[in-house]
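The values are calculated or read from the model by the stated rules, or taken from the named source; none is laboratory data. Because the structure is a prediction, the values reported are computed rather than measured. Here the Cβ positions follow ideal geometry from the backbone for every residue, glycine too, while neighbour counts run over all protein chains shown.
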Ligand code: ZN
């Protein structure tokens with residue numbers, strides 16, 4: 001099933017859209033709120049209300065899958081400083097961005113499948129609202145297929161006069177396409193297993209940030225990825241490649257795309273978690289599943305998957321329906337291997353670093369979608385927790401993590417080798 005922002009057309013169009021979008025948001029961010037600025041997004045029970053400090057012209061909504069989202073395009077509106085009020089079981093996060101000079105987009109990241117009902121714009125044009133109804137996975141996918149839904153507006157709503165923008169042009173680099181493959185380090189022996197380590201986030205996407213000292217997930221993940229590579233190279237048993245070895249942005253597809261193109265035997269995406277509860281700490285290991293193992297896992301997937309959705313534009317291009325991939329038997333096999341590795345990783349790395357009690361979880365994580373590469377996403381700890389943040393940022397902590405991960409990798413491939421010899425010998 002082809003999903004995504006089909007209305008935007010080709011990748012080239014997306015890229016242009018991204019550029020104009022970034023420019024637009026730069027212009028608007030410094031401007032005082034005027035007519036149509038989004039002032040608040042409130043979720044109250046099953047009713048969602050978006051308020052504006054001026055009148056808007058109209059709106060439409062559509063649903064997206066993988067990850068599940070509701071997108072609202074509001075014409076005559078400007079992305080503003082609106083706050084997301086209140087937590088909700090179904091809505092994991094709310095984001096906003098400027099789609100074009102006249103249209104703002106609000107994206108609701110869903111923690112559970114839900115569709116919208118009774119969409120309407122208030123008579124004064126200063127708010128729009130709809131109710132959420134929880135539905136099954138299949139009902140959600142059907143609703144995705146139905147496309148855009150218009151909001152009913154008051155009949156007497158006259159269009160506002162077009163605003164003239166005093167714009168400046170700020171060039172931003174286009175998203176790197178067809179990234180060149182990273183070099184493979186280690187023994188020059190193609191029969192040795194190849195591990196691709198992916199340092200999460202990078203470039204304009206900092207990932208999670210520690211509120212007190214400003215420590216950024218993208219820096220921590222790169223340092224840990226490099227430490228794991230160095231540790232693996234010491235034993236010389238496996239070959240290693242990093243998806244990035246500097247501060248650059250890669251869309252999620254490019255990350256696992258590198259692993260696939262290099263024919264990797266294992267893909268490990270390194271991340272650091274964050275939570276409002278500053279006491280939350282410890283590492284977790286995620287493997288791919290259509291459905292999240294718990295609400296926290298669903299929230300994490302929504303957060304990690306949005307790297308491709310900054311400002312509501314899908315930088316990843318064509319998104320694939322996870323469920324259609326899951327049918328694939330190759331994927332089944334990779335998933336079993338991934339699950340075994342996830343357990344092994346906790347067992348081998350736990351002596352070196354703190355883990356959560358139930359460390360292995362499932363979630364629909366975009367970066368784990370390579371159908372033929374066993375993949376795990378390793379949340380190495382909480383950047384929002386004081387002790388974890390210090391551990392993750394220290395050379396000693398990074399070396400400890402690297403030791404644990406390298407041990408797990410070596411045991412994993414040693415097991416595979418024994419199994420293969422067993423089969424060959426028997
Ligand atoms: Zn992350």
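Residue 375 - would you say it is modelled with pLDDT of 85 or more and within 27 Å of residue 262 (Cβ to Cβ)?
Numbers: modelled with pLDDT of 85 or more: yes; within 27 Å of residue 262 (Cβ to Cβ): yes.
When the stated conditions are applied, residue 375 passes them.
Give the range 293-307 a look and list any residue that's within 14 Å of the chain's Cα centre (by Cα) and away from the ligand (no atom under 12 Å from the Cβ), or say none.
Residues satisfying the conditions are 297, 298, 299.
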*Go through 272, 199, 259, 225 for me and flag whichever is free of Cβ contacts under 8 Å to residues at least 60 places away in the same chain, surrounded by 24 or more Cβ atoms within 10 Å (Cβ to Cβ), assigned by TED's automatic domain parsing to the domain that holds residue 361 and closer than 23 Å to residue 305 by Cβ.*
225
_With the requirement that a residue be near the ligand (Cβ under 10 Å from one of its atoms) and modelled with pLDDT under 95, what does the range 203-217 give you?_
205, 206, 207, 208
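Pick from 99, 181, 132: which is at pLDDT 85 or above and buried (at least 19 other Cβ atoms within 10 Å of the Cβ)?
The conditions single out 132.
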*Some residue of the range 254-268 being in contact with a helix residue (DSSP H, G or I) (Cβ under 8 Å, 6 or more places away or on another chain), within 16 Å of the ligand (Cβ to nearest atom) and under 20 Å from residue 400 (Cα atoms)*: yes
*Considering only the range 109-141, state which residues are farther than 10 Å from residue 63 by Cα and in a helix (DSSP H, G or I).*
137, 138, 139
